[in-house]
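Everything on this sheet refers to the single structure shown next.
Just so you know, all these numbers are worked out from the coordinates, no wet-lab data involved. Computed from a predicted model, the values in this text were never measured in an experiment. Glycine also receives a Cβ, built like all others from the backbone with ideal geometry; neighbour counts cover every protein chain displayed.
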Amino acid sequence: MFKRSAIALALSLALFPALPQAVEIDKIELPEMGDSSGSLLTIAEEKELGEEFFRYLHSELSINQDAEIQEYIQTIGNRLATNSDTPGYPFHFFVVMENDINAFAGPGGYIGVNSGLILMTEAESELASVMAHEIAHVTQRHLYRGVEAQQRLSIPTMAATLAAIALGTQSPQMGQAALMAIQAGNVQFQIDFTRAHEEEADRVGMQTLSGSDYDPRSMPTFFERLQQSSRYYGKDIPEFLRTHPVTASRISDTRGRAETYPYKQYPDSLAYQLTRAKIRVLTDTNTTEVQKYFQTKLNQGTSEQRTVAQYGMGLVALAMQKYSDAEAIFQSLAKTYPNQVQYGAALARTALEARNYDVALDRYKKLIGQFPNKEAIKLEYAESLLKTGNANQAQKVLLALNPDTQRLPVYTELLAQVYGNLHQAAESHRYLAEHYYSTGHTPEAILQIRLAKNSKGLTPQLNAILNERLSFFVNKEKEAAKQ
Ligand SMILES: [Zn+2]
């Protein structure tokens with residue numbers, strides 16, 4: 001926690017382009033610095049702001065909860081971040097399960113990509129080009145240059161303001177909530193995604209893209225597709241185009257720059273295709289349409305495209321609770337491609353959802369042996385352990401997950417169940433509180449902490465933790481109420 005005055009100071013300094021401390025800056029083209037006294041937004045302050053921003057998004061948008069999709073987007077993001085001009089910066093990539101075409105960069109390196117945009121891409125490099133562009137907005141500090149604060153801001157208001165800027169104010173729910181926060185805070189702000197920022201993000205992003213061995217030509221190609229598609233939208237122009245206007249000169253500049261790179265082929269990873277198939281099923285509003293889509297692909301295309309379509313058909317069957325159909329499809333895929341983790345995972349998932357818990361347990365166990373680094377499988381393994389009454393083992397598996405996976409709200413939800421099954425009510429309420437807090441529901445989090453404090457057999461250590469969390473949550477609520 002840091003004081004309101006600190007964030008106000010940080011914010012006023014953020015009016016001047018600033019760079020995070022303890023970051024390699026030799027490769028960065030330094031913007032005009034307004035202040036050289038070192039009083040920049042510290043890493044810790046930016047981290048807190050980023051977490052607040054991410055929490056705020058959970059209460060406004062449908063953030064992906066599927067660990068396999070999360071692993072995929074973070075992997076692409078990490079590959080790009082490593083080759084960006086601030087490789088040590090802690091980026092967090094995530095998918096927003098919304099059909100609008102959008103991608104955005106928030107404070108603290110939180111970069112979101114909408115499922116609608118992922119489905120609109122036709123090559124993995126196109127997705128990477130959008131992400132590289134957003135990474136550049138972060139490394140070039142564009143977000144902070146767009147904020148003008150007239151008075152002190154609380155962190156929740158700042159987070160809401162930055163969300164409005166990052167996402168654009170046209171987004172229906174987001175616009176309302178953010179505008180209310182901004183009016184209440186008497187803050188003037190402007191959407192300052194200027195042409196200069198866009199060009200800079202394209203230029204820096206393309207260096208990152210090419211340095212990460214993605215196709216530089218995919219950037220202008222995707223911009224062209226965006227521009228063409230925008231003609232069909234009329235007034236409902238995609239959000240991404242509002243915040244990132246694609247002009248003819250921007251496309252030709254990007255095209256010209258891309259052409260300076262030697263031409264070569266950049267094949268998509270199968271993970272890209274399979275992730276898209278999964279997203280298509282998870283975000284579908286018309287199952288028959290999705291089924292038709294995969295059916296068409298089954299009858300045409302390369303053998304790889306047909307395999308992906310089979311996987312899609314299996315996921316549709318699973319979503320429709322046609323377990324024997326799903327089982328048959330995934331059995332066949334897993335047998336033919338035993339080294340492709342997604343097929344085995346889908347087969348285990350089928351057993352889990354069909355409530356064949358022992359079979360599911362067995363399949364997950366084998367998969368973990370074969371793919372020891374796949375976090376998504378461990379998360380589902382924990383789920384099947386819980387279903388078979390093995391809460392102790394589930395607890396061990398959950399606590400050993402990596403921090404990025406533990407960021408998914410499903411983690412604290414499962415942990416709350418684990419402690420519930422172990423008859424440790426206080427711990428169960430505690431993790432449920434964390435679950436509510438991480439999804440932007442602070443009053444519910446406070447209630448859960450109070451329930452935890454009333455539980456029997458409270459150790460002094462746990463009581464101290466609960467008191468600390470209670471005052472933290474209560475302060476957050478006060479801050480949010482103050483605006
Ligand atoms: Zn942009």
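Before moving on, here are some points about what is shown:
- With R₀ set to 41 Å, the beta-carbon distance separating ALA464 from SER249 gives a calculated FRET efficiency near 0.10.
- Residues ARG430, ARG355 arranged by fewest to most Cβ contacts within 10 Å: ARG355, ARG430
- Interchain or long-range residues, amide H under 5 Å from ALA103's placed H: ASN114, PHE240
- Here the 3J(HN,Hα) profile of the stretch 298-307, calculated from phi with Karplus coefficients 6.51, -1.76 and 1.60 at θ = phi - 60°, is 5, 9, 8, x, 6, 5, 5, 4, 5, 5 Hz, Gly and Pro shown as x.
- Rounded to 0.05, the FRET efficiency of the ILE43 and ARG195 pair, given R0 = 35 Å and the Cβ-Cβ distance, is 0.70.
- Computed extension length for TYR263-LEU422: 51.3 nm, one decimal, from 0.36 nm per residue of separation with the Cα-Cα distance subtracted.
- Alpha-carbon centroids, the stretch 311-361 and the stretch 462-483: separation in whole Å: 43
- Sorted fewest first by neighbouring Cβ atoms within 10 angstrom, LYS378, LYS322 come out as LYS322, LYS378.
- In order along the stretch 271-284, phi translates into HN-Hα couplings of 4, 4, 5, 5, 5, 4, 4, 5, 4, 4, 6, 5, 9, 6 Hz, rounded to whole numbers, per the Karplus curve 6.51 cos²θ - 1.76 cosθ + 1.60 with θ = phi - 60° and x for Gly and Pro.
- Taking amide hydrogens as placed 1.01 Å from N in the peptide plane, the amide H of PHE93 sits under 5 Å from those of ILE111, each at least 5 positions away in sequence or on another chain.
- Between ASN402 and ALA319, the FRET efficiency estimated from the beta carbon spacing at R0 = 25 angstrom works out to 0.35.
- Pairs beyond 23 Å (Cα-Cα), from LYS292/LYS374; LYS322/LYS387; LYS297/LYS366; LYS278/LYS335; LYS264/LYS374: LYS292/LYS374; LYS297/LYS366; LYS264/LYS374
- J(HN,Hα) series, the stretch 343-356, from Karplus relation 6.51 cos²θ - 1.76 cosθ + 1.60, nearest Hz, glycine and proline x: 6, x, 5, 5, 5, 5, 4, 4, 5, 4, 6, 7, 6, 8
- Other residues within the sphere of radius under 13 Å centred on the Cβ of PRO372, judged by their own Cβ, net out at +3 (K and R +1, D and E -1).
- 14 Å beta-carbon shell around TYR293, net charge (K/R +1, D/E -1): +4
- Ranking of GLU468, GLU134 by count of other Cβ atoms within 10 Å, fewest first: GLU468, GLU134
- Fully extending the segment from SER455 to ASP213, taken as 0.36 nm per residue of separation minus the present Cα-Cα distance, adds 81.7 nm.
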